[in-house]
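As structure tokens, the structure follows; a few thoughts come after it.
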Amino acid sequence: MSSRPARRLAAVVALTVVTTATACGSSSPSSAGAPADYYLSLGDSYAAGYQPTGTGIGHTTTNGFAYQIVAIAARRGYHFTLANFGCSGATTGSMLTSVGCPPISLGPGGERYPTTTQAAAAEQFLRRHRGHVGLVTISIGGNDVTPCAAASDPITCVVSAIGRVQNNLAVLLPALRRAAGASVPIVGTTYPDVLLGLWVSGDESLAQLSVVAFKTLLNPALASSYRSIGATFVDITADSGAYTPLDQTTTLAPYGTIPVAVARTCELTFFCQLRNIHPTTPGYTVIADAVVATLPRR
């Protein structure tokens, strides 16, 4: 072979090697065709994606925020594969102690863990996929305090319930952080203030108390617990407009003139219509948007 063809062949081979190495070296979850990072959704019926039907009895759906996060995060360069451990009815205590979750209470395509607790199942998954998890969200605490709405002294009840929430999270969250590793984003979410919807049925005093309970009791406690493990806390109560002063009003059919904060609750949850605490699809979008906003754009 003459020197000129030999040099040409060598150049082609070198170019091929460099191109292949560059393609392999740049492979990431945000690259086309690259393997996805796992996204774990943990917690209660919000995590599972529950919505009621017109009769008030419903089921989990892919309208939930965890399912929406996958699509919304893709627009920011993330390619997530959802592993949903959420279980309708879960509390901070049941995540640690209750074995299994009835299939009807899981989200669509949800992970099953019939022989262990939700917390243990999530920890096992995180360890098994160490280095391949891109996001963990936790929606928990609502079922711990919801019964307080019917208590004779709601605020005292909430304070007591929050003490249990903090004690349980002090066990749950550090274990999840150890299993996930220091660099995995963990985002804790709170809830829209659904009890503001009591305003439309005439219980204005309890509606006002609910704002106090979220703003000064529950959300600060949750925020402190999540931040203690280097997690991000997203205040969905604020993002859904619950802290808008109640003297700011608007008109919303069929309720007439009501506070803006109450109107947002009616639009983003099923509480005003069905006395159901779960979000409408736009309500779940508010949560999904808030979570994805915590992720840096790729």
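The values are calculated or read from the model by the stated rules, or taken from the named source; none is laboratory data. Predicted model, so just to flag it, every value in this text is computed and none were measured. Quick reminder, even Gly has a Cβ in these numbers, built from the backbone with ideal geometry, and neighbours come from all protein chains shown.
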Q. Name the pairs whose Cβ atoms lie under 7 Å apart, with the first residue in segment 278-292 and on the phi < 0 side of the Ramachandran plot and polar (S, T, N, Q), the second in a loop (DSSP other than H, G, I, E, B) and modelled with pLDDT of 95 or more, and 6 or more positions between them or separate chains?
A. THR280/PHE270; THR281/ASN63
(Q) I'm checking my understanding of the structure. Among residues of segment 241-263 that are touching a residue at least 40 places away in the same chain (Cβ under 8 Å) and crowded, with 20+ Cβ neighbours inside 10 Å, which one is nearest to VAL133 (Cα to Cα)? (A) ALA242
Q. Do we find a residue being among the charged types (D, E, K, R) and over 24 Å from CYS157 (Cβ atoms) anywhere in segment 195-218?
A. no
Q. ASP235: surrounded by fewer than 18 Cβ atoms within 10 Å (Cβ to Cβ) and closer than 25 Å to ALA74 by Cβ, yes or no?
A. no
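Yes/no matrix, rows are residues, columns are (1) touching a helix residue (DSSP H, G or I) at 6+ places or on another chain (Cβ under 7 Å); (2) without any contact (Cβ under 8 Å) to a residue 24 or more places away in the chain:
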residue	(1), (2)
GLY64	yes, no
TYR67	no, no
ARG75	no, yes
ASN84	yes, no
GLY89	yes, no
GLY100	no, yes
PRO103	no, yes
GLY107	yes, no
Q: Take segment 115-132 and flag every residue that is closer than 19 Å to PRO185 by Cβ and in contact with a helix residue (DSSP H, G or I) (Cβ under 6 Å, 6 or more places away or on another chain).
A: ALA119, GLU123, LEU126, ARG127
Q. When only residues in segment 84-139 that are surrounded by fewer than 24 Cβ atoms within 10 Å (Cβ to Cβ) and aromatic (Phe, Trp, Tyr) count, which is farthest from ARG297 (Cα to Cα)?
A. TYR113
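Residue-wise test of (1) under 21 Å from VAL292 (Cβ atoms); (2) not in a helix (DSSP H, G or I).
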site	(1), (2)
SER41	yes, yes
GLN51	yes, yes
ALA83	yes, yes
CYS101	no, yes
ARG112	no, yes
GLU123	no, no
LEU126	yes, no
ARG130	no, yes
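Conditions tested, residue by residue: (1) farther than 26 Å from ASN168 by Cα; (2) at pLDDT below 95; (3) touching a helix residue (DSSP H, G or I) at 6+ places or on another chain (Cβ under 7 Å).
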| position | (1), (2), (3) |
| --- | --- |
| ARG227 | no, no, no |
| PHE233 | no, no, yes |
| ASP247 | yes, no, no |
| THR257 | yes, no, no |
| THR265 | yes, no, yes |
**Q.** Breaking point among (1) buried (at least 20 other Cβ atoms within 10 Å of the Cβ); (2) without any contact (Cβ under 8 Å) to a residue 60 or more places away in the chain; (3) hydrophobic (A, V, I, L, M, F, W, C); (4) farther than 14 Å from ALA261 by Cα, for ALA213
**A.** (2)
**Q.** Filtered residues of segment 270-298 (kept if in contact with a strand residue (DSSP E or B) (Cβ under 8 Å, 6 or more places away or on another chain), under 15 Å from ALA74 (Cα atoms) and in a helix (DSSP H, G or I))
**A.** ALA290, VAL291
Q. Right, ALA223: touching a strand residue (DSSP E or B) at 6+ places or on another chain (Cβ under 7 Å), within 23 Å of ALA149 (Cα to Cα) and among the small types (Gly, Ala, Ser) or not?
A. yes
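Yes or no, residue by residue, for (1) crowded, with 20+ Cβ neighbours inside 10 Å; (2) touching a residue at least 12 places away in the same chain (Cβ under 8 Å); (3) in contact with a helix residue (DSSP H, G or I) (Cβ under 6 Å, 6 or more places away or on another chain):
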| position | (1), (2), (3) |
| --- | --- |
| GLY141 | yes, yes, yes |
| ASP144 | yes, yes, yes |
| ASP153 | no, no, no |
| VAL158 | yes, yes, yes |
| ALA161 | yes, yes, yes |
| ALA170 | no, yes, no |
| SER183 | no, no, no |
| GLY197 | yes, yes, yes |
| LEU206 | no, yes, yes |
Q.
For segment 143-164, give me each residue that is within 23 Å of the chain's Cα centre (by Cα) and among the β-branched types (Val, Ile, Thr).
A. VAL145, THR146, VAL158, ILE162
Q) Does THR280 satisfy being more than 19 Å from THR146 (Cα to Cα) and β-branched (Val, Ile, Thr)? A) no
